[in-house]
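Here's the structure, in structure tokens; my notes come after.
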Amino acid sequence: MEVRERGDGAGRERVRLTLRGTWRGAVEIVPIALFVLPFGIAFGAAASAKAVPPEIAVLMSATVYAGASQFAVLDLWLAPLPLGMLAVTVLAVNARHILLGATLAPWLLQLPLARRLLALSVLSDANFAQSLAAHERGETDAGVLLGGGLAMWFPWVFGTTLGASSGALLGDLSRFGFDAVMATYFAAILCGRWQGRRDLAPWATAAVASLIAANLLAPGWHIIAGALAGGLAGALAHGD
Amino acid sequence: MVTETSAVAGVLVMVLVTFATRVAGVWVMSHFPITPRLEAFLKAMGSSVLIAIIVPATVSGAPRLWLAVGAAVLVMATTRSALAAMIVGTAAAGLARSIGG
């Protein structure tokens, strides 16, 4: 698969972040962003069910902008608020961001600091997957990451507002829709990244490690375990 | 009842921790030379993160989720369009649900 290698080479060209690229990233992710809305509504509804005031739920969505960790803290939202516990829980659920960022580092390190931080401030699973695919096809505009993140921010905050103000409505259905959309999107991105037999060992390692860890570790950590195990398997296979 | 002040403090803690996780990966990598082996690690990790997110969720999920992922892989393999794969996969899951799958 020598053809694919050219894509990587192109990725080493000067990376920039432009308004045009940001817009392109935003438009590209619209189908995913639409499905963020019901998930936002579900979060707003869940927050109101835990007696979190609407303005706090909306503030959280607008500034934290990391769905899984926001759901995770709802169970801790009791007076007096356990700030330390809150920090540890958010760190556990969001630690995967560290790995996502590290993966995009060869790309993002070519940007000036302010633009790099701006693009990273909206990093999430979906626009990471989008950026990975873009990087692979030789995209040199990191606006894809920023645009994808911004395009999902609006429905997330708007959905939270709707859900928080209208109480518990859509529960299971919206969550299901989100799960299927995300799972199919990630599966499609993975399919595009498949480069043949040499990917088998790291991918299988990631799958097995994440499955085992999902049964042993606290929620969130299985993603870290699977990612690190797969990465190590890839690095080991590289020397062969 | 959580007071407004402590709620805002709680959100602030969440913001700081989350932002730190978002920028930490690139920051750490800026302190190591990115060797070919490290690049192979990062590349494998990119796919592995996605695998670690969807595999446990799909395995422990309903059969219609397996159907959705299977359909998406099939469509992606034939059309190379992530959008088409996503739409067909999600539609398959919706259909399976409506007929009681």
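The values are calculated or read from the model by the stated rules, or taken from the named source; none is laboratory data. As the structure is a prediction and not an experimental result, all values here were calculated from the model. Please note: Cβ atoms are built from the backbone with ideal geometry, for glycine as well, and neighbour counts cover all protein chains shown. Just the protein is used for accessible areas: all its heavy atoms, side chains included, with ligands, DNA and RNA removed. Shrake-Rupley method; radii C 1.70, N 1.55, O 1.52, S 1.80 Å.
Within the range A:43-59, the set of residues being assigned to a helix (DSSP H, G or I), touching a residue at least 24 places away in the same chain (Cβ under 8 Å), aliphatic (A, V, I, L, M) and open to solvent by less than 10 Å² (accessible area, probe 1.4 Å) comprises A:45, A:47, A:57. Comparison of A:227, A:206 shows that the only residue that is of a type in the set (Gly, Ala, Ser), modelled with pLDDT of 95 or more, in a helix (DSSP H, G or I) and open to solvent by less than 20 Å² (accessible area, probe 1.4 Å) is A:206.
Within the range A:81-93, the only residue that satisfies the criterion of being surrounded by fewer than 24 Cβ atoms within 10 Å (Cβ to Cβ) and in contact (Cβ under 8 Å) with a residue 40 or more places away in the chain is A:92. For the range A:85-118, taking the residues that are modelled with pLDDT under 90 and more than 7 Å from chain B (Cβ to nearest Cβ), the one that is nearest to residue A:138 (Cα to Cα) is identified as A:93.
Would you mind stating whether residue B:91 is facing another protein chain (nearest Cβ under 7 Å), modelled with pLDDT under 95 and either open to solvent by less than 10 Å² (accessible area, probe 1.4 Å) or closer than 21 Å to residue A:191 by Cβ (or both)?
Here the answer is no, as residue B:91 does not meet what is asked.
The condition (being at pLDDT 90 or above and open to solvent by less than 10 Å² (accessible area, probe 1.4 Å)) is satisfied by just one residue among A:27, A:15: A:15. Inclusion of residue B:47 among residues that are of a type in the set (Ser, Thr, Tyr), more than 19 Å from residue A:61 (Cα to Cα) and either open to solvent by 10 Å² or more (accessible area, probe 1.4 Å) or touching a helix residue (DSSP H, G or I) at 6+ places or on another chain (Cβ under 6 Å) (or both) is warranted. Inspection of the range A:147-154 identifies no residue that is facing another protein chain (nearest Cβ under 7 Å) and in contact (Cβ under 8 Å) with a residue 60 or more places away in the chain.
Looking only at residues in the range A:73-94 that are aliphatic (A, V, I, L, M) and either more than 18 Å from residue B:20 (Cα to Cα) or outside any helix (DSSP H, G or I) (or both), the one that is farthest from the chain's Cα centre (by Cα) is A:79. With the requirement that a residue be more than 7 Å from chain A (Cβ to nearest Cβ), in contact (Cβ under 8 Å) with a residue 24 or more places away in the chain and not charged (D, E, K, R), what does the range B:39-78 give you? Answer for the range B:39-78, where residues must be more than 7 Å from chain A (Cβ to nearest Cβ), in contact (Cβ under 8 Å) with a residue 24 or more places away in the chain and not charged (D, E, K, R): B:62, B:63, B:67.
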